[in-house]
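This report concerns only the one structure given below.
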Amino acid sequence: MAYVPLADQDQDMEMHHPHSWVEKYVWSQDHKVIAIQYGGLAVLTGIVGLVLSLLFRMQLGFPESVNFVDPNFYYQAVTMHGMIMVVYFLTALFLGGFGNYMVPLMLGARDMVFPFLNMMSVWTFLISVIILMASFFVGGGPTGAGWTLYPPQTTMAGTPGHDAGIILMLVSLAVFVVAFTMGGLNYVVTILQYRCRGMTLMRMPLTIWGIFVATVLGLFAFPALLVACIMMMFDTVLGTSFFMPAVLESGTPLDYEGGSPILFQHLFWFFGHPEVYIVALPAFGLVSDVLSVHARKNIFGYRMMVWAIIAIGGLSFIVWAHHMYVSGMNPYFGFFFATTTLIIAVPTALKVYNWLLTLWEGDIRLNAPMYFAIGFIFTFIHGGLTGLFLGNVVIDLPLSDTYFVVAHFHLVMGVSPILVLFAALYHWYPKISGRMYNETMAKVHFWFTFLGAYAIYLPMHYLGFLGVPRRYYALGNTDFIPLSAQDLNSSITIAALIVGASQILFFINIIGSLKWGKKADPNPWGAASLEWQTPDTPPVHGNWGENLPTVYRWAYDYSVPGAAEDFIPQNVPESEAAAAQDAKSPESNGE
Amino acid sequence: MSEATTQAVSQEGMTGMVGDWSADRQAYHVPWGKAMMWIFLVSDTFIFSCFLIGYLNVRVTTTDPWPPQSEIFALSFGGDPIPLILIAIMTFVLITSSGTMALAVNFGYQKDKAKTFLLICTTAAFGATFVGMQAFEWSKLIAEGVRPWGNPFGAPQFGSVFFMVTGFHGLHVTGGVIYLLWVALRVKRGYYDNKGYEIVEIAGLYWHFVDLVWVFIFAFFYLL
Ligand code: HEM
Ligand SMILES: [Cu+2]
């Protein structure tokens, strides 16, 4: 069994060299092009999700002001908004987009281990998006069951889209799982098996750690979603009773008996909770790197950060039923899951402390990415604290299904990761496009987004305390809801419209800078990690030219005393770094 | 954190273990495809586990009695019906195919193309036999009135789970047969002479997995 490790044959990795424009940009096997395809498609889908949210917000803020937003459409919009944002936007953008772009570059690899599979992944993702969008055009429209798709109401008449809409949703999710699996296997194997010389696991940037653990979570959590989709499909199409108990519809018994709606909730949240960390962990990773670069300091407690990511990943599989405290499951379950939920807050809090300590006494450079990264710390602390409230059964019971929950998860899973996305997009824009974005415009964009997000979600906490339920088309004349709640709703809607509109600034900036932006330095921030050390900017197919880089240090050597510049890139050998130090100041040799 | 060399310095204890495992380039000394297959199979395990847990769950929640499997899955060859005989034969066939697959891997590494080809084809043939017998069983049950949404013997979930789980597993076997034939063809053509014969082992991993899953389905669905 003479077996030569493939990674040692780096000079002859079979590269699929494109021959035409179509092969280069359409059927491309280059991870960077695939990343942009993935990301672009995710953003387009996300825009649909955004527009939907503005439409249903109009209904909440100014009832019946938009005439096609009737109760049915309202539910469909809420449902599609939720599902699009969680799965097709955030998951696809973080893992398909950033995962694809960063993994080979940060590890010093030429590409993913199986570029063809990687290409298949993005095209399968496109199919799933097409199926999802098709549901807007079928009779009955898309499903309006809420993004959690709880049976039995999902499949019963009265729920909009209970016929064709739900089927398309389930098929689309199943196809998405397939797409994700093809991509995810690639990221994991690339990270484990295809690092450049010297890149030990404990020298990888935290971005990679976040993407790695999130992908592993995805590979183990999406199966539960797939199974739930298949079983629900059987219930809808074949009339089986996996999730359907004996149930009446307008007084007539339906042909179902003996199924378990709670089973669906378990399967869904066994996927659903890890899913929130599938989104959060890459964000944690990216923001750690942005903070460290712009604070000119090494990330505080690198090893702890790595272990915290792993611990959060592991724990996230045993907390799922905190979404089900009100489902009628056994109260002892509630006790168990409340305990694990509070335990997962420990490594999460640890990460927050480490970000703060990274900033502490740093040489902070307030560039636009840093604005967004610091904004993230605010919103994440905020959303994390409300999570602690909800994790306790007795506090959750009155708050569940109110706007308090909506505020919690939007701060923690909506606003926070999106702030990181912007931080990361601005931060890596010079590398990806070879141009600089417009700094002022990016900062204006930040203030609109950050302050606007608070204007939207802070009042929602209060609405939740009042007991205003989520997923209601209109509040009606309810005694416990004061009239002023409506005024708050209007103000929230206005803020949402402004935030929505201000995102234009981002697109103008990103697209305009492609043409008018000034040419970017290969390493404008003075970052130490490998992706900034490529011979070309933007990196070309194959990434590294003739020879793969060799890594001599971790990714966080900033503000090194006596170093020629105030940082040492990962691929600079000790001898060279020492020589540079000597040249600069003969006395201060080393530390 | 700034070791002078590219290699992590060896240490003792927990730190050393982490350090060694996380050393540069690769975590496992196996080809990429094999690592990928392993991870895929763990992911697939989660799929089947979810199916089986779902099955156990509806078996508890359903209000009708569970049908007597040993009678339903009995077959008579002229005389008295023998309970579970067909399933026993199917299981035997599938386990035998794992044996032939293991031999194929062995001959693959010896670069004995003819034998490898033959053994993979035998494995695939056993697999196809398995699927054929499953089709026979399906049609027998369908003829007796078992449907995904109901059956004459008791809880409707019996048929639902049966068709869903054996169907999903059957798809795995069918996919495996196609995969094996494709590998066999390439073996015969000498495609792997330079690349190495790990692919036979990788396909074998998948095949053994499908086999193992069947053992669980057998235990949970037919015996329990
Ligand atoms: C400090 C850690 C956290 C705790 C203790 C926590 C706790 C909870 C609890 C108990 C609920 C259920 C509320 C209910 O429905 O009554 C909930 C909902 C939710 N959480 Fe968290 N959470 C935490 C962090 C996060 C993070 C980091 C994310 C995402 C990045 C997240 C995303 C969500 C989402 C999406 C929901 C709502 C799902 C829905 O009902 O539609 N949470 N959280
Ligand atoms: Cu959760």
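The values are calculated or read from the model by the stated rules, or taken from the named source; none is laboratory data. Predicted model, so just to flag it, every value in this text is computed and none were measured. Please note: Cβ atoms are built from the backbone with ideal geometry, for glycine as well, and neighbour counts cover all protein chains shown. SASA here: full protein model, heavy atoms, side chains in, ligands and nucleic acids out. Shrake-Rupley method; radii C 1.70, N 1.55, O 1.52, S 1.80 Å.
Quick notes on this structure:
- Accessible surface buried upon B-A contact (total; probe 1.4 Å; Å², nearest 100): 4900
- Taking the range A:21-199 and dividing mean pair separation by its residue count, relative contact order in percent (alpha carbons under 8 Å, at least six apart): 27
- R0 of 35 Å, Cβ-Cβ distance A:D163-A:F333: FRET efficiency to nearest 0.05: 0.55
- Set of lysines near A:K519 by C-alpha distance (under 22 Å), chain-local residues within fewer than 8 positions excluded: A:K32, A:K431, A:K443
- Links that overshoot a 19 Å alpha carbon limit, given the list B:K34/B:K115; B:K113/B:K195; A:K297/A:K518: B:K34/B:K115; A:K297/A:K518
- Using the Cβ-Cβ distance between A:I381 and B:F92 with R0 set to 56 Å, the FRET efficiency from 1/(1 + (r/R0)^6) comes to roughly 0.40.
- The phi torsions of the range B:59-64, fed into the Karplus equation with coefficients 6.51, -1.76 and 1.60 and a -60° offset, translate into couplings of 5, 7, 7, 5, 8, 8 Hz, rounded to whole numbers, with Gly and Pro shown as x.
- Largest GNM mean-square fluctuation across B:S22, B:S70, B:S98, computed for chain B with C-alpha springs under 10 Å, falls on B:S22.
- The modelled label-to-label distance for the pair B:H29/A:I130, using points 7 Å beyond Cα in the direction of Cβ, is 4.7 nm.
- Separation in nanometres of the label points that stand 7 Å from Cα toward Cβ, at A:D363 and A:D521: 1.2
- Contact order normalised by residue count of chain A, Cα under 8 Å, 6+ apart, percent: 15
- Packing-based order for A:145-153, A:227-235, using average beta carbon neighbours within 10 Å, highest first: A:227-235, A:145-153
- For chain B, radius of gyration divided by Kirkwood radius, i.e. Rg to Rh on alpha-carbons: 1.11
- The packing ranking, built from the mean of other Cβ atoms within 10 Å per residue, places the peptides A:213-219, A:282-288 in the order A:282-288, A:213-219, highest first.
- Between 0 and 90°, nearest 10: helix A:71-83 axis offset from chain A longest Cα axis: 30
- Computed from phi, the 3J(HN,Hα) profile of the range A:220-233 under the Karplus parametrisation 6.51, -1.76, 1.60 (θ = phi - 60°) reads 9, 9, 4, x, 5, 5, 4, 5, 4, 5, 4, 5, 5, 4 Hz, with x in place of Gly and Pro.
- Spatial separation of Cα centroids for the range A:369-440 and the range A:45-61, in angstrom: 19
- Relative to the longest principal axis of the Cα atoms of chain A, helix A:368-391 runs at roughly 40 degrees.
- Shown is the FRET efficiency for A:A474 and A:T252, computed with R0 = 25 Å from the Cβ-Cβ distance and rounded to the nearest 0.05: 0.30.
- Local electrostatic count, A:P538, Cβ distance below 12 Å [Lys/Arg +1, Asp/Glu -1]: +1
- Mean-square fluctuations from a GNM of chain B, with a 10 angstrom spring cutoff on Cα atoms, peak among B:D193, B:D211, B:D80 at B:D80.
- Helix B:167-188 axis, angle to chain B major axis (alpha carbon atoms, nearest 10°): 50
- Centre separation in Å (Cα based) which lies between the range B:112-144 and the range A:149-220: 33
- Virtual spin-label span in nm between A:A501 and A:E574, 7 Å along Cα→Cβ: 6.0
- Under 5 Å, built H, 5+ apart or other chain: amide partners of B:I82: B:L75, B:S76, B:F77
- Residue-wise HN-Hα couplings along the range A:285-297, as the Karplus relation 6.51 cos²θ - 1.76 cosθ + 1.60 with θ = phi - 60° gives them from phi, are x, 4, 5, 4, 5, 4, 4, 5, 5, 7, 9, 6, 9 Hz; Gly and Pro carry x.
- Ligands, DNA and RNA left out, the 1.4 Å accessible surface of the protein assembly as shown is 69% carbon and sulfur atoms.
- Most mobile listed residue (B:R147, B:R25, B:R59) in chain B, GNM with C-alpha springs under 10 Å: B:R25
- Note on A:211-224: average number of Cβ atoms from other chains within 10 Å of each residue's Cβ is 3.
- Probing with 1.4 Å while keeping every protein chain in the model, the per residue accessible area of the protein assembly as shown equals 39 Å².
- In percent, rounded to a whole number, the relative contact order of the range B:12-223 is 27, using alpha-carbon pairs under 8 Å and six or more apart.
- Taking other residues whose beta carbon is less than 14 angstrom from the beta carbon of A:Y473, and scoring Lys, Arg as +1 and Asp, Glu as -1, yields +1.
- Given their separation in residues at 0.36 nm each and the Cα-Cα distance between them, B:L223 and B:K188 gain 8.5 nm when the chain is fully extended.
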